[in-house]
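See below for the structure under consideration.
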Number of protein chains: 2
Amino acid sequence: MIYLDNAATSFPKPERVYVEMDKCMRQYGANPGRSGHRLALEAGRALYRTRERLCMLFNIDNPMQIVFTSNATESLNLGIKGLLKYGDHVITSSMEHNSVARPLTALKEKGIDTTFIRCDFRGILDPEDIEKTIKKNTALIVVTHASNVTGTLMPIKDIGAVAKKKGIPFMVDVAQTAGVYDLDVKEMNIDMLAFPGHKGLLGPQGTGGLYISEELDVMQMKEGGTGSNSENLVQPAIAPDRYESGTPNTPGIVGLGEGVGFILDRGTAAVREHEEKLTGMLLEGFGEIDGVKIYGPKNSKLKAGVVSINILDGDSGEISYILDKSYDIATRAGLHCAPLAHRTIGTFEQGTIRFSVGVFNTREDIEAAIKAVEEIASELR
Amino acid sequence: MIYLDNAATSFPKPERVYVEMDKCMRQYGANPGRSGHRLALEAGRALYRTRERLCMLFNIDNPMQIVFTSNATESLNLGIKGLLKYGDHVITSSMEHNSVARPLTALKEKGIDTTFIRCDFRGILDPEDIEKTIKKNTALIVVTHASNVTGTLMPIKDIGAVAKKKGIPFMVDVAQTAGVYDLDVKEMNIDMLAFPGHKGLLGPQGTGGLYISEELDVMQMKEGGTGSNSENLVQPAIAPDRYESGTPNTPGIVGLGEGVGFILDRGTAAVREHEEKLTGMLLEGFGEIDGVKIYGPKNSKLKAGVVSINILDGDSGEISYILDKSYDIATRAGLHCAPLAHRTIGTFEQGTIRFSVGVFNTREDIEAAIKAVEEIASELR
């Protein structure tokens, strides 16, 4: 199968991810941070190693400020709900995934008001629109780094500068960019960074994390055993224990550490160059097919490795099905859990067929995808 | 290493758990429930298979009422916080783990009051004490099935009958018993069952679940993409989607399915018989050593496979360290994230050394543990 659904989850993973997860399960599968025996200590060290590697990748000083979660959605819920209070105002974009839009919608009845800034038809956000929207009670700016529908990259460095100038916490959802684009929480003035472990970071599903700046007081979502302050019925106040109750996903986090290790070894520049090249091929190839409409920017420098298209007025689900059945090509169709984004680009009814590239895709994969779309389009024309 | 820390996490796991997780990662590691291509559908089917097996184990009718979480702590937080409202009263026991005690403590400032029913020095709870404590505003009874400190089994069937009679939702924390003891949510009148995937169910860390009766309206803890109702900014109302936002831990849940499959094949009766026998050996062996104090019931029929001891006034952490270093035996020392339980049994200062057995322990493991404790005790006497 030609796998072009990397925006949902990357597949395959580097060999070292499989190998170390299996080794962890078989050789040191104890509970980290609880017991003091050899296997438990080894498991604990493995978790810490993953924190350190993530710090290296995102330029974070203190590994204890990285909180492991089960996915980026949990990270976003934790950061958003843990920070905001009754009467607060939030600014976000019209290109957000439901992992941002749904928590903010749910918070409305708790007296928290959100402005969704309208992006243009390519999904591009103007940072000046953010600045103009800031109110006295604006307590958070949260945006995706890249749309999961169009791949459109958001100007997060500029937004971070605005946030810093105005003293407003800035949160970024890097679900589509972590592991591929350079992310520096200091340079970009990012106070909370929500990332999945299983996409560009090449770890297994079931992993994710949230970096929380030491400046912020974010309320935990869960209480429970932390292996620390066990005598106390009150949750410990220090990170990461405050946020990591119960047994962690040790094999998953170990796998994430190997995925991040792979990225660090290869370098994000090389990963990005590879994905930009393949994305450029897709844009160019699809651009030459009569009847294919490409959404979002047409320049691969302005977008992550996500290309959404439609073919005439064909049903996106049906075309994705044909790609799977007749061409053995995996894509995703429909609304991609981001209805606001589809309204922005005008595909709320039709959805899109999404091709998303990963580090293991080849030129041949892309050529096959373009050929398949060409054939389907010629049938529909 | 002789691993007697199964109450923290079971180790090792059945071979089929390792094999199927690796296969899932390598062969069908797509995102279930989102895309419609072959790999995504295969991943989705694998998740459903785990739900079905859990239904078989716990006598649950509808697989969609099983919600996957990252651990039992998340399950407990979700059920407790999702159900309770300002002004409610909760009944629980003095043997609870911090995964129950800490969320309830945190809820105090949200106007939710808890009665912690005092158990006797062995950790035994009298169901009549529950009935006497019920008030008009009692909205939940939540108890552990077995203490993680003493192994003491709670009379959950009797408590379930009381709860049913009074029309109060009943939640059980089966962290120490799932996979070993017969659990029947119908016969026991259990409305919410919180379980870890990585202990007696023999799955990997990072897995757990919550069964929620269709009768209850439990509020979700997170909102986000669910792969369903994608056009809507409001979280879908149906289980399990309502509670399972974001990409699930597919390889972990697949591994859990294999662990449960192993239990179903072997039968809980055989697993329990094995663990009861080993627990009986520990109780008998430790009982004959001068200077060893055993906590909780001395009859293996009255407790799960968890035996906590102290040796004279020796430091529990130090003795656990010696067991690891000199005897290669893994145990856990200290307060076991359950301060209330330690107050109940009188070990709040000293903690305990905890030996917990699993399905793969042997008579030889137990004999070695008894011999080691005998030697350490003779040094301390």
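Structure notes:
- DSSP beta bridges in the stretch A:15-266 [antiparallel fraction, %, rounded to 5]: 40 percent
- Charged-residue dipole, Cβ positions (Lys, Arg, Asp, Glu), the stretch B:1-109 about Cα centre, Debye nearest 20: 380 debye
- In nm, spacing of pseudo-spin labels at residue A:299 and residue B:26 (7 Å Cα→C-beta vector): 4.4 nm
- Here is how the number arises for chain B: DSSP H runs of 4 or more residues each give -39500 (n - 2.57), the sum is divided by the residue count, and the result at 222 nm is -12500 deg cm²/dmol.
- Principal-axis tilt of helix A:250-266 within chain A, Cα atoms, nearest 10 degrees: 60 degrees
- For a paramagnetic label modelled on residue A:378 (point 7 Å from Cα along Cα→Cβ), amide N atoms under 12 Å away belong, within the stretch A:287-316, to A:290.
- Summed side-chain charge close to residue B:114 - residues other than residue B:114 whose Cβ falls under 15 Å, Lys, Arg +1, Asp, Glu -1: 0
- Among A:164, A:222, A:301, the ranking by other beta carbons within 10 Å of each residue's beta carbon, starting with the fewest, stands as A:301, A:164, A:222.
- If you plug the beta carbon distance of residue A:234 and residue A:321 into 1/(1 + (r/R0)^6) with R0 = 51 Å, you get a FRET efficiency near 0.45.
- Shape summary: the protein assembly as shown maps onto an equivalent ellipsoid whose semi-axes, from the alpha-carbon gyration tensor, are 46, 27, 24 Å in decreasing order.
- Options A:133, A:101, A:147, ranked by Cα towards positive dipole end of the stretch A:57-166, top entry (Cβ charges): A:133
- Hydrodynamic radius (Kirkwood) for the stretch A:190-257, which is based on Cα pairs only, to one decimal in Å: 13.3 Å
- About the Cα centre, charge dipole magnitude for chain A (Lys/Arg +1, Asp/Glu -1 at Cβ), debye: 820 debye
- Overall, the stretch A:234-353 carries a charge dipole of about 360 debye about its Cα centre when +1 sits on the Cβ of Lys and Arg and -1 on the Cβ of Asp and Glu, all other atoms neutral.
- Shape of the stretch A:298-350 from the C-alpha gyration tensor: oblate (a/c of 1.5 or more and a/b not above b/c, with a ≥ b ≥ c the square roots of its eigenvalues).
- Overall form of the stretch B:102-143 per C-alpha gyration tensor (a/c, 1.5; a/b vs b/c): oblate
- Each residue, residue A:85 and residue A:139, gets one label point 7 Å from its Cα in the Cβ direction; the gap between the two is 0.6 nm.
- Summary of the geometry: the stretch A:259-279 and the stretch A:208-255, compared by the centres of their Cα atoms, lie 31 Å apart.
- Compared with the dominant principal axis of the Cα atoms in chain B, helix B:72-83 is inclined by about 60°.
- Ranked by how many other Cβ atoms sit within 10 Å of their own Cβ, fewest first, the residues B:216, A:104 fall in the order B:216, A:104.
- Cα shape, chain B, gyration tensor, a/c 1.5 rule: oblate
- Over 27 Å (Cα to Cα) - which of A:85/B:108; B:166/B:186; A:186/A:298 fall in this group: A:186/A:298
- At 1.002 mPa s and 20 °C, Stokes diffusion of the stretch A:66-119 via Kirkwood alpha-carbon radius, µm² per second: 185 µm²/s
- Here the calculated FRET efficiency for residue B:110 and residue A:214, from their Cβ-Cβ distance with R0 = 41 Å, stands at 0.95, rounded to the nearest 0.05.
- For the stretch A:155-282, a Kirkwood hydrodynamic radius built from all Cα pairs, placed in the Stokes-Einstein relation at 20 °C and 1.002 mPa s, yields a translational diffusion coefficient of 129 µm²/s.
- DSSP beta bridge pairing in the stretch A:1-157, given as percent antiparallel to the nearest 5: 10 percent
- Rounded Å value of the spacing that divides the Cα centres of the stretch A:88-141 and the stretch B:133-151: 42 Å
- Leading residue at positive end of dipole, the stretch A:15-108 (Cβ point charges), from A:32, A:84, A:69: A:32
- Degrees separating the helix B:156-166 axis from the principal Cα axis of chain B, which is the longest one: 50 degrees
- Label points for residue B:45 are taken 7 Å from Cα along Cα→Cβ. From this copy to the others they lie 4.3 nm apart, shortest first.
All of the numbers you see were taken from the coordinates with simple rules; none came from a lab. What you see is a predicted model; the values in this text were computed from it and never measured. Cβ: placed from backbone, ideal geometry, glycine included. Neighbour counts: every protein chain shown.
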